[in-house]
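Engineer: After the structure tokens below, expect a handful of questions from me.
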Amino acid sequence: MSGTPSLFEMARLQMVRDLRLALRRGGEWLQPLVFFLVITTLFPLTFDSQLSRLRDVAPAALWVSALLSSLLALELLFRDDALDGTLEQLAVSGTPLSWVLLAKTAVHWLLTGLPLVLMAPVVAGALGAPYEAIPGLLLPLALGSITLSLIGAIGAALTLGLRRGGVLLGLLTLPLTVPVMIFGAGASVRIIAGQSAAGPLYLLAAVAVLALALAPLAIAAAVRINVE
Amino acid sequence: MMLLEARNLHLWRGETHVLRGVSLAVQTGQCLQLTGPNGAGKSSLLRVLCGLLLPAEGQLFWRDLDCTRELGPLQRECAYLGHLSGHKAELSARENLAYLCGLRRRCSSNDLDAALEAVGLAGAAQHRPLRQLSAGQQRRVALARVQLQRSTIWLLDEPIANLDIQGQELFHRLLASHLKDGGCAVVATHQPLSVSESALVRLELQA
Amino acid sequence: MTWLWFHKLASPPHFYRIAGRWLPWLGWSAAVLGVTGLVWGLVLAPSDYQQGEGYRILYVHAPSAWLSTFTYTTMAVSAAVGLVWRMNVAHSVSASCAPLGASFTFVALATGSLWGKPMWGTWWEWDPRLTSELLLLFLYLGYMGLRSAIEDQTRADRVCALLAIVGVVNVPIIYYSVEWWNSLHQAPSVMKFGKPTMPASMLVPLLMMFAAGTLFAATMVLMRARGEILRRERVGTWLEAAVGESVALTGEKR
């Protein structure tokens, strides 16, 4: 039982620890989800023309709300680990930092992104999307929320340790999420309209793959700089 | 055998020139004690040595290999204990160790038991969330972590702070056995280290 | 050694001197080209048979739009150089690029909007180029916001360098996605600037404006970088000598 752990073991350690922490902290991870529900509730309430036209803005409401709630959750992604020295220990451990932080981001997505995706059908239904289109909305949201988590994690790592990091995090990351929003909402629009969404879905998947490959490098580099 | 060597390290923090040409060398079985007034750069020097800070100038050698740019070989054999422990208050001592040490080397349940017992944390205390332990006990967990990593070099920043008399004795025992096993250490502290004179090197940093 | 100039440029005093020597040349050629191009473009060039006089805003708009992206690329490249070779001078250049690039982006947006009023009948159209330009402005503002939020100079340099690199990877994807999004809406594509058919009497002043703008940008970046270096190296001993020298020089000229 000695020797260096494999990449798989490292990821497992990180994920088990983060999941355990989330459980012990109670319902903190649920807050972004509630936030998501509250924003999407506000859309119909601020809509003063006929509610039957709500389904036209449903994809927009869904995606903007998803973006904002995932951003809200990401502000705290690295904060505790920076404050208590965990990131310091990771940075000097000689382990591949980008891999471990990718595992960390994955847990974060499991706790905030995935529930949001699963909640989306309810929200979409409430916003007036036709019921037969609702299952199809899951795929673009799942792909998109992965990318949003990764981009947001870059922003969180860049703004680590800043006092008013929250607003800045938004300013930095929102422009970078434009492709996800465009392809994601584009796919949703087509799905709701009953058309084929293959084009935007492929593009969304391509962006997700690119983010999976490159974002961990940027996250690790930013963390390294900020633990100095 | 020469393990760690630093030549002419310079470090700037903002406009203050923290390290002004610091050189040091640590051999197998040696302990280097860093002293100096507050703000002299003891912590900064330790952070440079483990790669958290990059020096503006100077070179670092580990086992006669230049690792100024690529600290991987040094970091894989190095245990760093700074002001922050890297522990989570919500996790138990065992869980904290299993994570922090597990990322470096595979630790069995027996390893964890042994390391925690060695610092006087046995039985139920191992399983209680860390926030229920005293500051001294938490520091002991940090020592257990350093011990459990089985690293060749220990870089310790004020390891004795918060420890009671027994805790200090414990630390000195751990340090002595680490040095005897062929390890080395760089320790920043003002308290006297009970290490045999032949193994102790002192470096006083000027403010 | 062929890389000697690169290493020399990395030393702040050397960069400060070289930049100081180049500045008058760059500045004056930018001024001469700019004035000629403007007079030619705004007064002498014939008016467009389709767009009338309105097209003349192109002489400011197109160079600004080009410089907004060019400056961003320069910012990211110098940031990368600074990050990889730990070169303080490169970070100074990168930091100097941001406000300048943001201004170019703003000018491009403002002139685009002015041009849009007579052409599209509205101040703002979700045209893909204008939208991308707007997003570019946000990227610049984010960079500047991040830089001003971090107190420690070295950390600000490195974090912002990373952001600039992340941004530059994203810019093409953003641009492409905005194009894709726009293609859904079937925007009026007749309204795009028709460059290929442009007669020489219109094209030559436009090219002059491009050259003048680029030279102007180079002048401003070097000037700002010099200022940045002065601010950063205020504890350096070479500074007194260098500044004393240039003060003496300006004194002579008067």
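Engineer: Using 1/(1 + (r/R0)^6) with R0 = 45 angstrom and r between the beta carbons of A:GLN195 and A:ARG12, what's the FRET efficiency to the nearest 0.05?
Structural biologist: With R0 = 45 Å, the Cβ-Cβ based efficiency is 0.60.
Engineer: While we're on this one: Along the three principal axes, how long is the stretch C:1-95 when you take its alpha carbons, biggest first, rounded to the nearest angstrom?
Structural biologist: Taking max minus min along each principal axis of the Cα atoms, the stretch C:1-95 gives 55, 25, 23 Å.
Engineer: Let me ask something else. Can you check what the Kirkwood hydrodynamic radius comes to for the protein assembly as shown, Cα pairs only, in Å to one decimal?
Structural biologist: Working: mean 1/r = 0.0349 Å⁻¹.
Kirkwood hydrodynamic radius for the protein assembly as shown: 28.6 Å.
Engineer: Based only on Cα atoms, what Rg/Rh ratio does chain A have, Rh being taken as Kirkwood's radius?
Structural biologist: Rg divided by Rh gives 1.00.
Engineer: Taking 0.36 nm per residue of sequence separation and subtracting the Cα-Cα distance, how much length would be gained by fully extending the chain between A:LEU37 and A:ARG79, in nm to one decimal? Could the numbers behind the result be given before it?
Structural biologist: On the way: separation 42, 0.36 × 42 = 15.12 nm, distance 2.49 nm.
Separation in residues times 0.36 nm, less the Cα-Cα distance, equals 12.6 nm.
Engineer: Given the C-alpha centroids of the stretch C:29-57 and the stretch A:132-202, what is the distance between them in whole angstrom?
Structural biologist: 43
Engineer: May I ask for the angle, rounded to the nearest 10°, between helix A:198-226 and the longest principal axis of chain A, with both axes built from Cα atoms and the value confined to 0 to 90°?
Structural biologist: Value to nearest ten degrees: 30.
Engineer: Relative to the compact globular guide of 2.2 N^0.38 Å, what is the alpha carbon radius of gyration of the stretch B:1-134, as a ratio?
Structural biologist: Compactness ratio reported: 1.26.
Engineer: With n ≥ 4 as the cut-off for DSSP H runs, can you work out [θ] at 222 nm for the protein assembly as shown, using -39500 (n - 2.57) per run divided by the number of residues, rounded to the nearest 500?
Structural biologist: The helix-only estimate for the protein assembly as shown comes to -21000 deg cm²/dmol at 222 nm.
Engineer: Compute the angle between helix B:165-180 and the longest alpha-carbon principal axis of chain B, please, reported from 0 to 90 degrees and rounded to the nearest 10.
Structural biologist: 60
Engineer: So if I take the centroid of the Cα atoms in the stretch C:110-138 and the same for the stretch C:145-161, what is the distance between those two points in Å?
Structural biologist: Taking the Cα centre of the stretch C:145-161 as reference, the centre of the stretch C:110-138 is 31 Å away.
Engineer: Tally Lys and Arg at +1 and Asp and Glu at -1 over the other residues with C-beta under 12 Å from the C-beta of A:GLU88: what net charge comes out?
Structural biologist: So the environment of A:GLU88 carries a net charge of -2.
Engineer: Ok, one more. Antiparallel as a % of all DSSP beta bridges within the protein assembly as shown, to the nearest 5?
Structural biologist: Roughly 50 percent of the beta bridges in the protein assembly as shown run antiparallel, per DSSP.
Engineer: If you take the C-alpha gyration tensor of the stretch C:25-234, multiply each eigenvalue by 5 and take the square root, what semi-axes do you get, largest first, in whole Å? Walk me through the numbers before you get to the answer.
Structural biologist: Numbers: eigenvalues 216, 99, 30 Å².
Taking √(5λ) for each eigenvalue gives 33, 22, 12 Å, largest first.
Engineer: How many angstrom lie between the Cα centre of the stretch B:133-207 and the Cα centre of the stretch B:1-63?
Structural biologist: Rounded to whole Å, the Cα centres lie 18 Å apart.
Engineer: What FRET efficiency, computed as 1/(1 + (r/R0)^6) with R0 = 56 Å and r the Cβ-Cβ distance, is obtained for B:HIS172 and A:ARG164, rounded to the nearest 0.05?
Structural biologist: The pair B:HIS172/A:ARG164 has a calculated efficiency of 0.80.
Engineer: Further question: Extending each Cα 7 Å along its Cβ direction at A:LEU110 and C:VAL204, get the distance between those two points in nm, one decimal.
Structural biologist: For the pair A:LEU110/C:VAL204, the computed spacing is 7.0 nm.
Engineer: Another question, then. Within 10 Å of each residue's Cβ, count the other Cβ atoms and sort B:LEU170, A:LEU150, A:LEU201 from fewest upward.
Structural biologist: By the 10 Å Cβ count, ascending: B:LEU170, A:LEU201, A:LEU150.
Engineer: Now for a different question. Can you give the percent of C-alpha pairs in the stretch B:1-43 whose distance is more than 14 Å?
Structural biologist: 56
Engineer: Using the Cβ atoms and a cut-off under 11 Å, what net charge is assigned to the surroundings of A:ARG25, where Lys and Arg are +1 and Asp and Glu are -1?
Structural biologist: It works out to a net charge of -1.
Engineer: Of all DSSP beta bridges located in chain B, what percent are antiparallel, nearest 5?
Structural biologist: 50
Engineer: Ok, one more. Could you list B:MET1, C:MET208, C:MET198 in order of exposure, starting from the residue whose Cβ has the fewest other Cβ atoms within 10 Å? Walk me through the numbers on the way to the answer.
Structural biologist: Working: B:MET1 9, C:MET208 21, C:MET198 16.
By the 10 Å Cβ count, ascending, the order reads B:MET1, C:MET198, C:MET208.
Engineer: How long is the stretch B:34-111 along each principal axis, judged by its Cα atoms, biggest number first, in Å?
Structural biologist: Answer, in whole Å and largest first: 42, 32, 18 Å.
Engineer: Moving to a separate point now. Work out the FRET efficiency for A:TYR131 and C:ARG155 from their Cβ-Cβ distance, taking R0 = 51 Å, and round it to the nearest 0.05.
Structural biologist: Working: r = 52 Å, r/R0 = 1.02.
Efficiency, from the Cβ-Cβ distance: 0.45.
Engineer: Among C:GLU233, A:GLU88, A:GLU132, B:GLU117, which comes first, then next, by fewest other beta-carbon atoms within 10 Å?
Structural biologist: Listing C:GLU233, A:GLU88, A:GLU132, B:GLU117 from fewest to most nearby Cβ atoms yields A:GLU132, B:GLU117, C:GLU233, A:GLU88.
Engineer: May I pose another question? Based on the Cα coordinates of the stretch B:89-150, what is the per residue volume of their convex hull in Å³?
Structural biologist: Details: hull volume 4.0 nm³, N = 62.
Cα-based convex hull of the stretch B:89-150, divided per residue, equals 65 Å³.
Engineer: Let me ask something else. Can you work out the PRE-style zone for A:ALA60? Point 7 Å along Cα to Cβ, and I want the residues of the stretch A:185-228 with backbone N under 17 Å.
Structural biologist: A:185-193
Engineer: Measure nothing but the geometry: give the 0 to 90° angle between the long axis through the Cα atoms of B:135-148 and the longest principal axis through the Cα atoms of chain B, rounded to 10°.
Structural biologist: It is inclined by approximately 70 degrees.
Engineer: Can you bin every Cα-Cα distance in the stretch B:52-207 into 10 Å intervals starting at zero and give me the percent of pairs per bin, rounded to whole numbers?
Structural biologist: It works out to 10, 38, 35, 15, 2, in whole percents.
Engineer: Moving to a separate point now. Please report, in Å, the Rg and the Dmax of the stretch B:146-207, where both are computed over Cα atoms only.
Structural biologist: Rg then Dmax for the stretch B:146-207, in Å: 11.7, 34.
Quick note: the coordinates plus some simple rules give every number you see, no bench work behind them. Small disclaimer: the values here were computed from a predicted structure and weren't measured. Using ideal geometry, Cβ is built from the backbone for each residue, glycine included, and neighbour counts are taken over all protein chains shown.
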